[in-house]
Every structure is written in structure tokens, then in C-alpha cells.
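Notes for the one structure printed next.
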Amino acid sequence: MMKITAAIAREPGQDFSIEACELGEPGPGEVLVKVESCGICHTDIAARNQDMPVPLPAVLGHEGVGCIEKLGEGVSDYQVGDRVLMSFGSCGQCGNCNTGAPGYCDNGLAYFVGMRLDGSSPVSQNGKPMTGHFFAQSSFANYCVASTVNLVKLDDSLPAELMAPLACGVQTGMGAVLLAMKAQANKSLVVIGCGTVGLAAIIAGKIAGCDPIIAVDLMESRLELASELGATHIINGAEGNLTEQLLALGGANYVLDTTGVPQVISSAIDGMKKQGHMVLVGVGKPETKLNFDMNMFMMTGKKLEGVIEGNAVPAEFVPQMIEYYRNGQLPLEKLVTSYPFTAINQAVADMHSGKAVKAVLKMA
């Protein structure tokens with residue numbers, strides 16, 4: 001066991017507390033990582049608030065970047081000193097993992113609730129285990145134990161605070177457009193919710209050549225940034241009827257919803273063209289239901305799809321996103337605001353207020 005410092009979620013809706021706890025040795029197929037930076041994702045907040053069934057107390061965090069300091073048994077693809085990005089957890093062995101769909105891993109629920117497949121956790125406090133393998137990493141800490149299945153090697157020259165969001169938020173938005181929708185040029189893309197995921201989708205839509213690209217949000221500052229990043233039209237969701245506004249712009253070929261709000265989703269469905277394709281990535285409240293006219297879907301050929309992590313295989317898609325970043329097509333610096341690790345609660349507050357789009361914690 002080694003002493004670490006972690007941000008612990010103890011009560012639903014309450015601030016994280018920075019505390020000392022213990023971290024066990026990496027097990028088979030795992031590595032010990034000294035964390036450089038970790039992005040804050042709305043999934044972390046949903047878990048803390050118990051919109052997801054993650055047992056508390058918990059060390060969350062699932063957009064980590066760091067350096068490997070120790071190898072577990074059987075690890076041969078990585079070496080001590082390798083710099084890595086830690087993406088979402090998957091077993092790497094089930095049918096979906098073996099057919100390029102790790103986001104739908106048969107064992108994925110274990111990683112989402114923060115445990116190893118055997119039910120254990122590498123994190124404890126005063127000898128009492130706590131949730132500490134969230135997304136197979138729990139990187140709201142200065143050190144974590146991560147599964148090698150979800151690692152991607154990074155060049156030392158890449159800034160940790162800009163790479164961290166590629167692990168989940170940016171990957172989800174860009175993957176939804178480029179991989180799930182397979183968006184085509186000169187077709188319309190509507191993005192509802194202009195946080196990290198939505199803005200990444202707008203960037204991806206621009207890369208794909210979508211036109212028009214329509215951004216929908218309640219915050220004018222987010223809509224302004226969406227325009228800067230590639231949106232050709234903006235809609236303030238608090239003003240007017242969304243369906244009517246989408247139809248007035250010709251209707252939507254593609255829609256990405258990041259809100260998880262049934263009324264918003266229904267309005268966007270009605271604003272889609274025939275054979276329109278809507279992707280849902282937002283986390284709704286527990287037991288949220290969506291009602292729609294089955295005959296309308298059949299007669300219009302519309303498609304509604306839930307998507308995890310943009311349907312990405314991180315080892316393949318993260319390097320592609322890095323190339324977009326390097327050639328100037330993915331301006332991550334416009335999305336990221338960095339905070340000291342100890343300022344995690346201020347970072348969360350700034351994300352909620354709209355002051356920050358993607359808050360990233362710097363561990364040192």
C-alpha cells in the first residue's frame with residue numbers, strides 16, 4: 001500500500017473532499033500511474049450526485065493523463081516511464097470488445113460503478129475499501145491504478161491538460177459525428193448542448209464538411225464559442241419553438257443530443273428530415289423515459305441511437321484526434337481551463353455556471 005491524495009465524493013450533491021487514502025499494488029494487466037492531469041466530466045458529477053449507481057464514498061475521475069511508475073503481472077506492451085492517456089474501461093476479451101465495440105463491453109457495468117471485475121478496489125482508507133476503479137482508473141488522485149486495456153501512449157511533447165479531455169468528453173462528441181453518424185459533407189448537423197461534448201461534435205461536423213451546423217444551447221457565451229468553432233447557425237433554446245426553428249432552417253439530417261431531456265429530444269425528432277439520424281449521449285435522470293410515435297419513425301425512416309464514448313476504440317481514435325489537434329483542426333485550448341487539483345470544487349462550480357467549458361485538474 002502507498003499513501004496517495006485523492007478527491008473523494010462522500011455525499012450526493014456535496015463538494016469533493018481532498019483526503020489521504022491508500023492505493024494498492026497494480027494487479028495483473030494493470031499499471032501504477034502518476035497522474036499529471038485529469039479532466040472533469042459531467043459523468044463524474046452524475047456519479048457523485050447518484051444519477052448513476054456508483055457506491056459512495058468514491059474516488060472518481062476518468063480522463064487521466066500520467067506516467068507509468070510500476071507494472072503489474074503480465075504487462076508487456078508498456079514500460080515504466082511511458083506517458084499514457086487513460087480512457088474508459090473495458091475487459092478487452094468479450095465479443096463486443098473483440099469486434100471493435102469496447103464501449104459496449106459485456107463487463108462494462110463493473111467499470112462504470114468503479115470496481116474491478118472481481119469486485120475489488122485498489123483504493124482504501126484506514127483499511128476500509130472504497131470505490132476506486134471508476135472507468136478502470138479513478139484518476140481524481142495524484143496516483144491511480146489503471147487497466148492497460150484503456151491506455152493510449154502519448155508523446156512527451158503533448159500537454160497533459162489538453163490531452164486529458166480526449167479520454168472521454170472530446171472523444172464522445174467527435175466520435176458521435178465521425179464514427180456513429182458517419183456524417184457526410186453538405187448535410188445538416190444539429191448539436192443540442194454546447195459543453196465539451198457538443199462543441200467537440202461541432203468541430204467534428206466542420207471536419208466532415210457538414211452544412212449547416214446548428215448549435216442549440218441556453219448560454220449565449222457557449223453559442224458564441226460554438227460559432228467560433230464552426231457553427232453556422234445558433235439557436236437559444238429558451239427562445240421560440242425548437243421544432244419550428246429547425247424546420248425553418250431546412251430540417252436536420254443529423255442531431256446530437258447531450259442534454260438527456262426528453263422534451264428537448266422530442267422537439268428535435270420532430271425537426272428532423274426523413275431518414276434523419278439522432279444520437280443520444282446525455283445522461284438522463286434515473287428512470288427517465290422517452291415517448292415517441294412508432295408509426296412516425298417507421299414512415300419517415302428516422303433513426304434514434306444511444307451511443308457510448310462515440311463508438312470509439314481509444315487506441316485507434318485518440319491518435320486520430322491528436323492529429324486533428326496537431327494540424328489545427330481541433331483547438332483544444334479554446335475548450336480547456338486548468339485548475340490546481342485542490343481547486344476541484346471551484347472547477348465544478350465554474351463548469352455549472354458556464355465560466356469554464358472543460359475544467360482540467362493539474363495534479364502538480
Inside segment 56-85, can you point out the residues that are acidic (Asp, Glu) and within 22 Å of residue 21 (Cβ to Cβ)?
63, 69
Residue 276 fails exactly one of the following numbered conditions: (1) in the same structural domain as residue 104 (by TED's automatic domain parsing); (2) at pLDDT 95 or above. What is the number of that condition?
(1)
Do you know which residues across segment 161-194 are surrounded by fewer than 24 Cβ atoms within 10 Å (Cβ to Cβ) and on the phi < 0 side of the Ramachandran plot?
161, 162, 178, 179, 180, 184, 185, 187
Mind listing just one residue for me: the one in segment 336-353 that is in contact (Cβ under 8 Å) with a residue 60 or more places away in the chain and crowded, with 16+ Cβ neighbours inside 10 Å and, of those, nearest to residue 20 (Cα to Cα)?
341
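Can you tell me how many residues in segment 229-270 are touching a Phe, Trp or Tyr at 6+ places or on another chain (Cβ under 8 Å) and crowded, with 21+ Cβ neighbours inside 10 Å?
1
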Any chance you could count how many residues in segment 123-143 are of a type outside the set (S, T, N, Q) and surrounded by fewer than 24 Cβ atoms within 10 Å (Cβ to Cβ)?
5
Please enumerate the residues belonging to segment 141-199 that are among the aliphatic types (A, V, I, L, M), under 16 Å from residue 33 (Cα atoms) and part of a strand (DSSP E or B).
141, 145, 146, 151, 152
With the checklist (1) within 23 Å of residue 229 (Cα to Cα); (2) under 17 Å from the mean Cα position of the chain (by Cα); (3) outside the structural domain of residue 34 (by TED's automatic domain parsing) in hand, flag the one item residue 324 doesn't pass.
(2)
Starting from residues that are charged (D, E, K, R) and in a loop (DSSP other than H, G, I, E, B), keep the ones in segment 278-335 and report whichever is surrounded by the most Cβ atoms within 10 Å (Cβ to Cβ).
302
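The values are calculated or read from the model by the stated rules, or taken from the named source; none is laboratory data. All of these numbers come straight from a predicted model, not from anything done at the bench. Don't worry about glycine lacking a Cβ; one is built from the backbone with ideal geometry, like all the others, and counts go over all protein chains shown.
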